[in-house]
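In what follows, a structure is listed as structure tokens, so that the remarks can point back to it.
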Amino acid sequence: MNSEDNSLEGQLLIAMPQMPDPRFSKSVIYICSHTQDGAMGIVINKPADSIDFDQLLQQIEITNSNKNNNIGVYFGGPLETSRGFVLHSTDYMNESTLLVGNGFALTETIEVINSIANGEGPSKSILALGYAGWEKGQLDEEIKNNGWLIAPADTELVFNTNNSDKWEFSAKRIGINIEQISSDLGHA
């Protein structure tokens, strides 16, 4: 993006049905950063198949004293999958927290995970392992080539909607029945 006015930060990317990369098939990605130098986002609808929150805490040797926490662990994207990123509500902030959109913040320190385990973390959160990233101009080109739809993000959709419904519901918010979009879109 050439101008901050065109930034997609705080928006959702919705993978089109013809998405060629299987890692992003039916993905919904929350865009945390989008500048002229590139973009970064977190997949918000693909739970990690290999680990849950309690298992993750055991691996990093943190005691879960709040067994009522219901935080999901997600495949955040294919880059740096050993790093954890917590996309969360703005009721939790620490010195490394970044505000990334209306009602959203991103923290990637162990402190936020420890706070969640102690019942002192954000009221709404997603723990993502890895992230999706695009180099300068790459995301803009993918959008231009009908790879992604753009929709507004809100905390209800991101944190409270069933993962299996996020793809369809986010498209419906912009008036599109994504299941009816032809995979031949853009090919005459």
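Every read-out reported here was derived from the displayed coordinates using simple, explicitly stated rules and does not represent laboratory data. Remember, it's a predicted structure, so these values are computed and weren't measured experimentally. Virtual Cβ from ideal backbone geometry, glycine too; neighbours counted across all protein chains shown.
Of everything in region 52-83, what is within 13 Å of I113 (Cβ to Cβ), among the hydrophobic types (A, V, I, L, M, F, W, C) and surrounded by 14 or more Cβ atoms within 10 Å (Cβ to Cβ)? Give them in sequence order.
Hits for region 52-83 are F53, L56, L57, I62, I71, V73.
Out of curiosity, is L12 in contact with a His (Cβ under 9 Å, 6 or more places away or on another chain) and of a type outside the set (D, E)?
For L12, the condition - in contact with a His (Cβ under 9 Å, 6 or more places away or on another chain) and of a type outside the set (D, E) - is not met.
Checking E80 against (1) charged (D, E, K, R); (2) in contact (Cβ under 8 Å) with a residue 40 or more places away in the chain; (3) on the phi < 0 side of the Ramachandran plot, which single condition isn't satisfied?
Of the numbered conditions (1) charged (D, E, K, R); (2) in contact (Cβ under 8 Å) with a residue 40 or more places away in the chain; (3) on the phi < 0 side of the Ramachandran plot, the odd one out for E80 is (3).
For region 90-115, give me each residue that is in contact (Cβ under 8 Å) with a residue 60 or more places away in the chain, in contact with a strand residue (DSSP E or B) (Cβ under 7 Å, 6 or more places away or on another chain) and either of a type outside the set (V, I, T) or farther than 16 Å from C32 by Cβ (or both). Give the derivation first.
Here is the first cut: in region 90-115, the residues in contact (Cβ under 8 Å) with a residue 60 or more places away in the chain are 98, 100-102, 104, 106.
Add one more test, that the residue is in contact with a strand residue (DSSP E or B) (Cβ under 7 Å, 6 or more places away or on another chain), and what stays is 98, 100, 104, 106.
Selection gives L98, F104, L106.
How many residues does region 12-53 contain that are farther than 14 Å from A132 by Cα and either within 10 Å of the chain's Cα centre (by Cα) or aromatic (F, W, Y) (or both)?
Within region 12-53, residues that are farther than 14 Å from A132 by Cα and either within 10 Å of the chain's Cα centre (by Cα) or aromatic (F, W, Y) (or both) number 1.
So which helices (runs of 4 or more DSSP H) are wholly in region 84-179 and hold at least 2 residues that are crowded, with 21+ Cβ neighbours inside 10 Å? So that I can check it myself, show each step before the final result.
Values: elements: 110-117, 138-144, 163-172.
Here the list reads 110-117, 163-172.
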